[in-house]
Every structure is written in structure tokens, then in C-alpha cells.
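Taken together, the values in this text are just the output of simple stated rules run on the coordinates, not laboratory data. All values reported here derive from a predicted model rather than from experimental measurement. Every residue, glycine as well, gets a Cβ built from its backbone with ideal geometry; the counts of neighbours run over all protein chains shown.
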Amino acid sequence: MTKSIVVLGTQWGDEGKGKIVDLLSKDVDAVVRFQGGHNAGHTLVIDGKKTVLHLIPSGILNEGAQCLIGNGLVVSLEALKKETESLEAWGVDVRSRLMISPACPIIMPYHEKLDHAREKAKGAKAIGTTGRGIGPAYEDKVSRRGIRMSDLNNHELLAEKLEESMDYHNFVLEKYFNMPGLAYDRVLDDALQLGACFADLVGDVSGELHRLRTEGKRILYEGAQGTLLDIDHGTYPFVTSSNTTIGAVCTGAGVGPDAIDYVLGITKAYTTRVGSGPFPTELFDDIGAGLAERGAEFGATTGRPRRCGWLDAVALRRAAHTNGVSGFCVTKMDVLDEVETIKVGVAYRLGDEVLDVPPQNPEAWDDLEVEYESFPGWQQSTRGITRFEDLPANAKSYLATIEALCGAPVHIVSTGPDRKESIIIQHPSD
Ligand code: GDP
Ligand code: IMO
Ligand code: MG
């Protein structure tokens, strides 16, 4: 049987998922997003040309791959339109290859407004969201108040649902946050107009995946964010509002567990985080600044600087368990090229207790101390290396250390942002 692969972030997002999905998508028939929204920023570099995708699956630059947006995503039609148009301007035929589930909740303008209002009200305790309205849109889904993709081509139904939804949200904006609400007519008109642009792309994603699978086609499921941003398993409340871990593939695409043959966990060779919240191995010194500079660590969605630190094997170990990682892909090896001594967090200390997996209680994250092991750097360029045997000996042992500490083999290594700057040790489909 041909293999279906899941690509997931195992840290706090931005691990390089987009690059790896693009790399692997030449060998698959369909690429599927199953959670999150345009809070994601997935960067693809092909022969020096950079594309950042937020909603459209990272298979879109491989003509042979169909691209599917599953029911688990919250969709901003404005963002989708912008992204579609910019890809079309580059000559990519998006519309003939994209399908969107009718069950996707829509991110409405009031969701974005609420996201900003809440963050502002939280002051120093703000989550540091991307401000895309993700949280409020998922809340509406769960409260059964949401507007879905399928509502947009039914004027009467949409008008009725929107009225109920906006009554509530305008009340919150005006009375709780003391800011102007939004005009119902304008929101309705915009939604109808944008909905019409994508009406012909709405289709039964779950059914399509079943059909593809039955025909023996290869499917790649593209995660957004990362394990530590998962609403249940992450550093709550400093998380996103969806499940970013393996279970979301089934619920967010409409497939059974037998649809998953291989789980590729993506990790940087170090760690980054954008937004607030605990980060035990964070560096505040010149080494951290050096990683940020060499790694060009600025958010692909918001442009915010990313916080940088050493690899956290404790958190990665948990991510491997939580997701059933079959193999790791270690990205940005080249960013460590000049580091003399590389440290890895191997255990946490909480009072007298030594922990080899993160604590369950999120508050405890603030009080952790990290135990590190040190490894000699390789201090030579790995940039663009494509064969494992060409890696310096110390780089190979660093990868072996990750395998030993985190409990899964390293199957792919990335040595630069470009699609071709990759080492495939074992292809997930083999
Ligand atoms: P994603 O959200 O997981 O897809 O990751 P992002 O695209 O947000 O961030 C990863 C960044 O690292 C992007 O700018 C990529 O172009 C870049 N990148 C990916 N792999 C490598 C690598 O191996 N080396 C270097 N130097 N950059 C990389
Ligand atoms: P990709 O797919 C990194 C973070 C935000 C914030 C928290 C909540 O590119 O890896 P949200 O807007 O989702 O309510 O913000 O989650 N966040 C990400 N961080 N990469 C992402 O996506 C992220 N998507 C959300 O910075 O801390
Ligand atoms: Mg990103």
C-alpha cells in the first residue's frame, strides 16, 4: 500500500514544515491542511524564489498535487482571495487544484476585531496572538454560532445566521470593550461577494480523500503551528485555539486512523517561539542573538522577531509520544554551523524533582530549571549539503544525540531554506 504521510511541528511552530511539505509533495497526489488558519506562515524557497503560504497547502507549487482544505481549518475568505491572486499572478493555477470543505468555519471581520480587543485588554498578559481572529472563530464553531463555508451561497440562511452572530458580537464589542461594532449590511455583502468567488471550489474533502485512498493515491497531511501550541497538549494558555497534534488529522480532514501510515515530526536544530509564554531553554545572550540573525528568525506571518534558544529534548520527547512520530526531520542545521559548543536541554528540574517529560500543570513551566548537556559544534559549513555522509562528524553525532534523547530516528535533515538544500536519509514513503 502506498503511504500517507503527516507532517507536524514538534515545537512552537515555524519548524520549517512548509519547506518539507513542498519537498515531499512532488511524490504525492494530494496535500491536505487539517487545522489552524492564516495564522500559519509556511515558507517555500525554490531556486532562490520565496513564497509564503498561509492557508493554501504547501503542495501548490507542485503541479501534480491536488490541494485540499479540510473542515478543521477556520478560513478567512479575504486571506484566501489574496493568496490565490498572488499565486495566480505567478502563473500558478490554484483554482483547478484546490478544494475547500463546506464545513470550514469562516473567520469574519468581527473575529479579528475581537482578537485585537482582547489582546489589548490583557495588557502584559497578552498571548501574543497573530491577530488573525483565529481564537474567536474557533469559539464560534464550538458554541455552534459559526458561519460555515456552506452558508455563503444561501443568502437567506446567511442573513439570518449572521444577524444572530453579530447581535452577540457587536454587543460584546460595544458594551464590554467599549468600541464601535460593525455594520451588519456591509459584513453581509462582503461575505456574499467573497463566498461567490470560492463557491465552485467547495467540495466533499473527506469523500475525496476516501476516493483517493481507495485508488491507492498518496496523501500528505500538512500540520500548522506545533505541538507546544496545541490547545490541549501545549503551554496553555499560551497556545493557539486548535489541536495541532496528530488527532487533528482525523477530525480536521475526515479520515480514519488507518489513513495515516507515517508521522514526520519537524524540529529545528534549536528552538524558537514567537509570542508570549514559557520557553525553558530560551537564550538571552549573544548566542541566542546569533541564532536569530543566522536563522533570520522573524515571523512569516507577522514579521515579529522570534525568541531563540537551545534544543529542548524534554519537550521533543513528549512531542514524539503525543504524535506517534515515526521519524524526525531536523531543519536549520546550517544555523548552528558557527556555534562552538552546542547545548541541549535533557531534563527539567522542578524543586527537588527531575523530570524527563514536561509537567502536566502549565503553571509549573514558569518554575522549571533546565539541565543541559554540551556537545562540540562542527564549526564548518553544512549549508546546502545533500548527502548524509558529507556532514561533519560532529553534526552526525548531534543528530544521533537527538535520536537517542527523543526516541525516534532522524529521517530528513535540512541544510538551507531552498527545496534542494535537503538530505533525505530515509524517505517517509519507503
Ligand atoms: P513553518 O511555519 O514551519 O513552515 O516555518 P516558517 O516558514 O515559518 O519558518 C521557517 C523559516 O526557516 C523559513 O524562513 C524557511 O525559509 C527557513 N528554513 C527552513 N529550513 C531551513 C534550513 O534548513 N536552513 C535555513 N537557514 N533556513 C531554513
Ligand atoms: P506556523 O504554521 C508560530 C502562535 C502565536 C501566539 C499563539 C496564538 O507558521 O508554524 P493565534 O493567532 O493562533 O491565536 O496565536 O500561537 N502561533 C504561531 N507561532 N508559528 C505559527 O504557525 C503560529 N500560529 C500561531 O504567535 O503565540
Ligand atoms: Mg511559520
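Kindly flag which residue pairs out of LYS26/LYS50; LYS122/LYS175; LYS82/LYS122; LYS120/LYS175; LYS17/LYS122; LYS49/LYS81 have an alpha-carbon separation exceeding 23 Å in this structure. List each step's numbers first, then the result.
Numbers: LYS26/LYS50 18 Å; LYS122/LYS175 17 Å; LYS82/LYS122 30 Å; LYS120/LYS175 16 Å; LYS17/LYS122 31 Å; LYS49/LYS81 21 Å.
Violating the 23 Å limit, Cα to Cα: LYS82/LYS122; LYS17/LYS122.
How tilted is helix 205-214 with respect to the longest principal axis of the chain? Cα atoms for both, answer in degrees (0 to 90, nearest 10).
50
Compute the whole-percent fraction of alpha carbon pairs in the chain spaced more than 35 Å apart. The partial results should precede the final answer.
Values: 25447 of 92235 pairs.
That fraction is 28 percent.
Charges on Cβ only, +1 for Lys and Arg, -1 for Asp and Glu, centred on the Cα centroid of segment 150-191; of ASN154, TYR184, LEU173, which one is farthest towards the dipole's positive end?
LEU173
Gain in length, GLU389 to GLU88, computed as 0.36 nm per residue apart minus the alpha-carbon separation, to one decimal in nm? Present the calculation step by step, with values, prior to reporting the outcome.
Numbers: separation 301, 0.36 × 301 = 108.36 nm, distance 4.00 nm.
That pair, GLU389 and GLU88, stretches by 104.4 nm at full extension.
Work from the charge dipole of segment 266-424 (Cβ charges, +1 for Lys and Arg, -1 for Asp and Glu, about the Cα centre) and give the residue of GLY309, THR322, PRO417 farthest towards its positive end.
PRO417
If you average the C-alpha positions of segment 219-285 and of segment 1-56 separately, how far apart do those two centres end up, in angstrom?
Taking the Cα centre of each part, segment 219-285 and segment 1-56 sit 13 Å apart.
Project the alpha carbons of segment 109-198 onto their principal axes and report the range along each, largest first, in whole Å.
For segment 109-198, the Cα spread along each principal axis is 42, 24, 22 Å.
Using the Cα centre of the chain as the reference point, and only Cβ charges (+1 on K/R, -1 on D/E), how large is the resulting charge dipole? Debye, rounded to the nearest 20. Can you show the working numbers first?
Working: 44 positive and 61 negative charges, 84 e Å.
Dipole of the chain, to the nearest 20 debye: 400 debye.
How many angstrom separate the Cα center of segment 305-324 from the Cα center of segment 385-430?
17
Along the Cα→Cβ direction, 7 angstrom out, place labels at ASP352 and LYS161. What is the inter-label distance in nm?
My value for the distance between the label points is 5.7 nm.
Run the simple label-point estimate for TYR168 and ASP285 please: 7 Å along Cα→C-beta, distance reported in nm.
Going by the 7 Å Cα→Cβ label model, 5.1 nm.
Taking 0.36 nm per intervening residue step and subtracting the Cα-Cα distance, what contour gain separates LEU188 from GLU373 on full extension?
Values: separation 185, 0.36 × 185 = 66.60 nm, distance 5.73 nm.
Separation in residues times 0.36 nm, less the Cα-Cα distance, equals 60.9 nm.
Hey, any idea what the orientation-averaged projected area of the convex hull of segment 266-424's Cα atoms comes to, in nm²?
9.4
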